[in-house]
Amino acid sequence: MKIKKGDTVVVLSGKDRGKQGEVMFALPAVGKVIVDGVNVAKKHQKPTRATMQGGIIDKDMPIDASNVAIVSPSDGKATRVGYRFAPDGSKIRICKRTGVDLDAG
């Protein structure tokens, strides 16, 4: 899976199409990601010792990784992800549209 935690992505399809957010969790075993503010569901929470306050809370639910695209850091548009190898042999993710490195750091 080419999407990692901390990437800024845009939703390509579904009820939240066009929204942008940061990936909070990547679930590569099932091919899903959890994006902040996208695919939010209401959950009825019962008060417990851990959460004294009960009520209805908003919970970010997983969205399929194929329904999101990484936002290019140079121009802010959706892009595909490619790879190149650095001289030391490490693998670096690059933006297919502009060729800019996505792993800046």
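The values are calculated or read from the model by the stated rules, or taken from the named source; none is laboratory data. Keep in mind the model is a prediction, meaning the values are calculated, not measured. Cβ sites come from the backbone with ideal geometry, for glycine too, and all protein chains shown count toward neighbours.
Determine whether V23 is surrounded by 12 or more Cβ atoms within 10 Å (Cβ to Cβ) and part of a strand (DSSP E or B). So V23 passes the test.
Selection of the stretch 62-97 for residues being hydrophobic (A, V, I, L, M, F, W, C), outside any strand (DSSP E or B) and touching a residue at least 12 places away in the same chain (Cβ under 8 Å) yields only A65.
If H44 satisfies all but one of (1) in contact with a Pro (Cβ under 7 Å, 6 or more places away or on another chain); (2) surrounded by fewer than 13 Cβ atoms within 10 Å (Cβ to Cβ), what's the number of the condition it fails? Against the list (1) in contact with a Pro (Cβ under 7 Å, 6 or more places away or on another chain); (2) surrounded by fewer than 13 Cβ atoms within 10 Å (Cβ to Cβ), H44 comes up short only on (1).
Quick check, is R97 in contact with a Ser or Thr (Cβ under 7 Å, 6 or more places away or on another chain) and among the charged types (D, E, K, R)? Yes; evaluated as a whole, the condition is true for this residue.
Here the condition is being touching a Cys at 6+ places or on another chain (Cβ under 6 Å) and either under 18 Å from T8 (Cβ atoms) or at pLDDT 90 or above (or both); of S90, S72, it holds for S72 alone. For residues in the stretch 26-47 being under 12 Å from K59 (Cβ atoms) and not in a loop (DSSP other than H, G, I, E, B), which is nearest to the chain's Cα centre (by Cα)? Ranking the qualifying residues of the stretch 26-47, first place goes to I34.
Among the residues making up the stretch 15-46, those that are in contact with a strand residue (DSSP E or B) (Cβ under 7 Å, 6 or more places away or on another chain) and among the small types (G, A, S) are G18, G21, A26, G31, G37, A41. Scanning the stretch 1-18 for residues that are without any contact (Cβ under 8 Å) to a residue 60 or more places away in the chain, buried (at least 16 other Cβ atoms within 10 Å of the Cβ) and under 11 Å from the mean Cα position of the chain (by Cα) turns up just one, V11.
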